[in-house]
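Below is one structure, written out as structure tokens; the observations come after it.
The values are calculated or read from the model by the stated rules, or taken from the named source; none is laboratory data. Since we're looking at a predicted model, the values are computed, not measured. Cβ sites come from the backbone with ideal geometry, for glycine too, and all protein chains shown count toward neighbours. Side chains included, ligands, DNA and RNA excluded: accessible areas come from the protein's heavy atoms. Shrake-Rupley method; radii C 1.70, N 1.55, O 1.52, S 1.80 Å.
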Amino acid sequence: MDDDSRYEAVRGRDERFDGVFFTAVLTTGIYCRPSCPATTPRRENVRFHPSAAAAQAAGFRACRRCRPDAVPGSTEWNVRADATGRAMRMIADGVVDREGVDGLARRLGYSARQVQRLLTAELGAGPIALARAQRAHTARLLLQTTGLSVTAVGFAAGFSSVRQFNDTVRAVYDCTPSELRARARGAARRAGPPAPGSGVPLRLAHRGPYDAPQVFDFLQRRAIAGIEEMTGAPGTRVYRRSLALPHGTGVAEVAEPPCTPGGRWIEARLHLTDTRDLTTAVQRLRRLFDLDADPFAVAERLGADPVLGPLVAARPGLRAPGAADPQELAVRAVLGQQVSVGAARTLAGTLVEAYGKPLSSPDGGLTHVFPEPGVLAGAPLGELGMPEARRAAIRTLCAALADGTVSLDAGADRDEAERALLALRGIGPWTAGYVRMRALGDPDVFLPGDAGVRHGLRIVGAEAGAARAWRPWRSYALHHLWNVTGPGA
């Protein structure tokens with residue numbers, strides 16, 4: 001896009017570009033998302049930035065009306081497998097906050113200077129500025145939804161000092177942290193005081209239509225006893241799961257949103273043992289529920305296909321669910337080799353009961369977090385009642401995950417990860433592809449050897465070769481094919 005086409009998107013308040021670029025207005029000193037409902041500024045007063053961090057670095061503050069810091073992430077980072085795309089996924093997961101720019105560069109295999117140059121060239125801001133913008137958003141959430149002291153919020157959001165915290169909030173929101181909290185008090189009083197231990201309430205934004213029944217059905221069929229549960233009836237379900245996070249554990253609750261055309265977010269709540277994990281937990285939920293997808297781009301490509309077109313029209317906003325824990329998903333994929341979804345779920349539940357780490361206190365049906373790879377690598381796994389070759393495959397995988405031979409972190413190189421998985425004894429193409437699709441969030445994976453896919457292709461009267469025309473959204477095509485085969489897929 002050039003600036004003139006960006007301005008036309010702003011004039012049309014086109015939500016498809018929320019998170020893709022940001023609009024800064026010279027006369028007001030604020031920056032907005034493209035779909036901001038405010039009066040459209042004159043063209044000569046508008047500047048465009050590729051990231052919120054770039055707008056902030058240029059001296060603009062966030063619009064109070066459209067909350068540009070809360071937009072869905074650009075789907076570009078899901079599609080791209082280059083160093084910039086990988087870096088953006090890792091920054092979102094909190095790598096810079098935990099390991100610094102040197103840690104990010106080390107994971108990418110570049111020098112810190114190269115990473116700075118790459119990100120500045122494409123996003124108008126380096127890794128520190130991008131992480132700073134994310135910290136500011138986390139701080140706003142904590143200030144407005146928790147009773148933590150202002151100082152505690154600063155450190156929980158990832159700031160290294162109170163002064164840095166105050167300066168950043170003042171620059172981004174044009175007020176002090178205390179003033180930012182005070183803005184929310186009127187709304188909080190109208191809503192009533194939060195219940196003790198109610199956690200951090202969240203609105204997780206998404207772009208375009210969202211096929212919530214499909215996502216919640218998918219997760220419910222695969223929910224593992226002890227670490228996941230689904231409560232309520234279809235349409236009002238709540239998905240709950242435990243999370244193993246860098247600084248502790250957590251419990252996430254995500255409510256099934258109503259199927260309304262105007263829906264723009266899903267409601268969630270996080271209960272964390274350490275609030276420093278908020279950013280990481282939010283990003284893992286976003287990946288699990290595929291909230292940064294671009295359903296418009298997917299529909300444009302797949303909807304024009306004579307085979308998939310009717311399926312796409314029938315399920316607008318279909319998503320490709322990811323994973324809250326990539327290593328957990330890899331183990332579950334091996335358990336699911338050549339067995340039904342129900343059988344794989346039972347096996348995983350047995351694994352959790354035998355080797356999972358108990359939560360400090362049970363929370364409803366949630367009692368554990370999934371076993372760590374290092375624990376499973378040396379376990380006999382006799383409880384699973386499966387052939388020794390399959391148990392050996394699980395131990396081999398977990399040993400590779402534990403020693404770093406296989407890396408499935410947020411910024412892992414997808415091609416390299418798939419090659420490393422295929423090099424392990426007992427791991428075949430289906431498992432490696434399934435892990436690539438869900439654990440690594442690749443939107444362009446197809447599994448022609450999958451029984452459900454073959455059945456779906458027969459139903460719609462297509463050959464596997466047709467999938468070449470579905471790039472780069474073959475993961476979504478796969479889910480459409482699974483859906484036509486029935487609820488057991």
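From the helices alone, meaning DSSP H stretches of at least four residues, give me the mean residue ellipticity at 222 nm for the chain, per-run term -39500 (n - 2.57), in deg cm²/dmol to the nearest 500.
Value at 222 nm, helices only: -14000 deg cm²/dmol.
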What accessible area per residue, rounded to a whole number of Å², is obtained for the chain using a probe radius of 1.4 Å? 42 Å²
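Mean separation of Cα pairs under 8 Å and 6+ residues apart, divided by the residue count of the chain: what relative contact order is that in percent? Mind dumping the intermediate values first?
Numbers: 837 pairs, mean separation 61.2, N = 489.
Contact order relative to length: 13 percent.
Starting with the highest mean, order 99-109, 132-142 by the number of other Cβ atoms within 10 Å, averaged over the residues of each peptide. Display every interim value, and only then the final one.
Numbers: 99-109: 16.8, 132-142: 23.6.
Taking the mean over residues of other Cβ atoms within 10 Å, the ranking is 132-142, 99-109.
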Base-10 log of normalised Debye intensity for segment 19-153 (one unit scatterer per alpha-carbon) at q = 0.17, 0.20, 0.22 Å⁻¹: -0.94, -1.18, -1.30
For segment 358-441, the percent of accessible surface on carbon and sulfur atoms (probe 1.4 angstrom, ligands and nucleic acids excluded) is 53 percent
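Which shape class, rounded, prolate or oblate, goes with segment 230-308 when its Cα gyration tensor gives a ≥ b ≥ c as root eigenvalues, a/c under 1.5 marks rounded, and past that a/b bigger than b/c marks prolate?
Working: a/c = 2.82, a/b = 1.77, b/c = 1.60.
Taking the square roots of the gyration eigenvalues as a ≥ b ≥ c, segment 230-308 is prolate.
With the Cα gyration tensor of segment 280-382 in hand, give its eigenvalues times 5 under a square root as the equivalent ellipsoid semi-axes, listed largest first in whole angstrom. Mind dumping the intermediate values first?
Details: eigenvalues 237, 60, 28 Å².
Taking √(5λ) for each eigenvalue gives 34, 17, 12 Å, largest first.
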Quick check: convex hull of the Cα atoms in segment 383-489, volume per residue, rounded to a whole Å³? 124 Å³
Rounded to one decimal in Å, the inverse mean reciprocal Cα-Cα distance for segment 437-489, i.e. its Kirkwood radius, is 11.0 Å
A chain fully extended from Ala464 to Leu422 at 0.36 nm per residue, minus the present Cα-Cα distance, gains in nm 12.9 nm
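At R0 = 30 Å, how high is the FRET efficiency between Ala182 and Thr236 if r is their beta carbon distance? Nearest 0.05 is fine. Display every interim value, and only then the final one.
Working: r = 34 Å, r/R0 = 1.14.
My answer for the efficiency is 0.30.
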For the chain, whose charge dipole is built from +1 on Lys and Arg Cβ atoms and -1 on Asp and Glu Cβ atoms, the candidate among Leu270, Gly103, Ala212 with its Cα farthest towards the positive end is Leu270
Per 0.36 nm of contour for each residue apart, how much would the distance between Ala38 and Glu99 grow if the chain were fully extended, relative to their Cα-Cα spacing? 18.1 nm
State the Cα centre-to-centre distance between segment 48-103 and segment 200-272 in whole Å. 23 Å
At a threshold of 8 angstrom on Cα-Cα distance, excluding pairs fewer than six apart, so keeping six or more, what relative contact order does segment 310-399 reach in percent? 25 percent
Largest first, please: the extent of the C-alpha atoms of the chain along each principal axis, to the nearest Å. 68, 53, 49
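Short version: what are the Cα gyration tensor semi-axes of segment 4-55, square root of 5 times each eigenvalue, largest first, in whole Å?
Numbers: eigenvalues 38, 35, 18 Å².
Calculated on Cα positions only, the semi-axes equal 14, 13, 9 Å.
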Give the cysteines in the chain for which no other Cys Cβ lies under 4.7 Å away, or write none if there are none. Cys175, Cys259, Cys398
Segment 321-352 and segment 410-489 have their Cα centres apart by a whole-number Å value of 16 Å
Let me test this: with uniform point scatterers at the alpha carbons of segment 321-452, what is the Debye-based log₁₀ I(q)/I(0) at q = 0.10, 0.17, 0.19 1/Å? -0.30, -0.90, -1.12
